[in-house]
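Visitor: The structure is given below, and queries will be raised subsequently.
The values are calculated or read from the model by the stated rules, or taken from the named source; none is laboratory data. Computed from a predicted model, the values in this text were never measured in an experiment. Note: ideal-geometry Cβ built from the backbone for every residue, glycine included; neighbour counts use all protein chains shown. With ligands, DNA and RNA removed, areas are computed over all heavy atoms of the protein, side chains included. Shrake-Rupley method; radii C 1.70, N 1.55, O 1.52, S 1.80 Å.
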Amino acid sequence: MRYAQGGGLTDERRAFREKLRLQAAERFRQGDENSVIAHDLRVSIRSVQRWRKAWSQDGLRALASKGPASLPLLSDELFSVLERELAKGPVAHGWPDQTWTLSRIKTLIGRRFHKSYTVQGVAALLKRHGWSCQVPARRAIERDEDVVAGWMKETWPQVEGRWRRSTPGSSSRTRPDSR
């Protein structure tokens, strides 16, 4: 997932990258070349160049992690309010049917909390809080499973037809009987 889609780095990944930068700083102090450091740390030379420039200007504190790029727009308290609003259903919020879509939830967040999310951001928000996309299985109340099973066993094979030819076919479109 890309950053614009509500992704970003986890705390573990951010700590790992900070550790790499600090290892590079030690190598800068030893006087190693950028290409050697990049090869050993398995990063791009351009990254090492940026790190060296920042290190030479501000020291180790320039290479320290600055934390997450942004905090979530909805706190856990506001998300619990959103869950209560979602439990009321879409009809209670002015939509004509009982189907929640990501764009409807995005609109609800905008109306209720005055916060702006992308559709992908809404999906990431819901996933982070344990929600999943589900499509309800709609079955007719009158459905008779025994009749359906019988139809699938007896009628469907006749309708479907045979998949394989009984005789070898031909790859030629103009002369089907040629071999």
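Visitor: Residues that are open to solvent by 40 Å² or more (accessible area, probe 1.4 Å), closer than 17 Å to Arg17 by Cα, in contact with a helix residue (DSSP H, G or I) (Cβ under 8 Å, 6 or more places away or on another chain) and part of a helix (DSSP H, G or I): does the stretch 59-74 have at least one?
Guide: Scanning the stretch 59-74, I find at least one residue that is open to solvent by 40 Å² or more (accessible area, probe 1.4 Å), closer than 17 Å to Arg17 by Cα, in contact with a helix residue (DSSP H, G or I) (Cβ under 8 Å, 6 or more places away or on another chain) and part of a helix (DSSP H, G or I), so the answer is yes.
Visitor: Those residues that are over 20 Å from the mean Cα position of the chain (by Cα) and either surrounded by fewer than 17 Cβ atoms within 10 Å (Cβ to Cβ) or in contact (Cβ under 8 Å) with a residue 24 or more places away in the chain (or both), I need them from the stretch 87-106; list them, please.
Guide: Ala87, Lys88, Gly89, Val91, Ala92, His93, Gly94, Trp95, Pro96, Asp97, Gln98, Thr99
Visitor: Give the residues of the stretch 12-39 that are open to solvent by 80 Å² or more (accessible area, probe 1.4 Å) and over 23 Å from Pro68 (Cα atoms), sorted by residue number.
Guide: Arg29, Gln30, Glu33, His39
Visitor: Tell me which residues, restricted to the stretch 123-146, are open to solvent by less than 90 Å² (accessible area, probe 1.4 Å), under 14 Å from Leu73 (Cβ atoms) and without any contact (Cβ under 8 Å) to a residue 60 or more places away in the chain.
Guide: Leu126, His129
Visitor: Output the number of the condition that Asp32 fails; it satisfies all remaining conditions of (1) in contact (Cβ under 8 Å) with a residue 12 or more places away in the chain; (2) outside any helix (DSSP H, G or I).
Guide: All conditions pass for Asp32, except number (1).
Visitor: For His114, state whether it is open to solvent by 60 Å² or more (accessible area, probe 1.4 Å) and of a type outside the set (A, V, I, L, M).
Guide: Numbers: open to solvent by 60 Å² or more (accessible area, probe 1.4 Å): yes; of a type outside the set (A, V, I, L, M): yes.
Answer is yes for this residue.
Visitor: Restricting the stretch 112-122 to residues that are closer than 12 Å to Leu74 by Cα and either in a loop (DSSP other than H, G, I, E, B) or small (Gly, Ala, Ser) (or both), which is farthest from the chain's Cα centre (by Cα)?
Guide: So, considering only residues that are closer than 12 Å to Leu74 by Cα and either in a loop (DSSP other than H, G, I, E, B) or small (Gly, Ala, Ser) (or both), the one farthest from the chain's Cα centre (by Cα) is His114.
Visitor: Still on this model: Which of the residues spanning the stretch 75-111 are out of contact with any Phe, Trp or Tyr (no Cβ under 8 Å at 6 or more places or on another chain), in a helix (DSSP H, G or I) and more than 20 Å from Gly130 (Cβ to Cβ)?
Guide: Val91, Ala92, His93, Ser103, Thr107, Arg111, listed by residue number.
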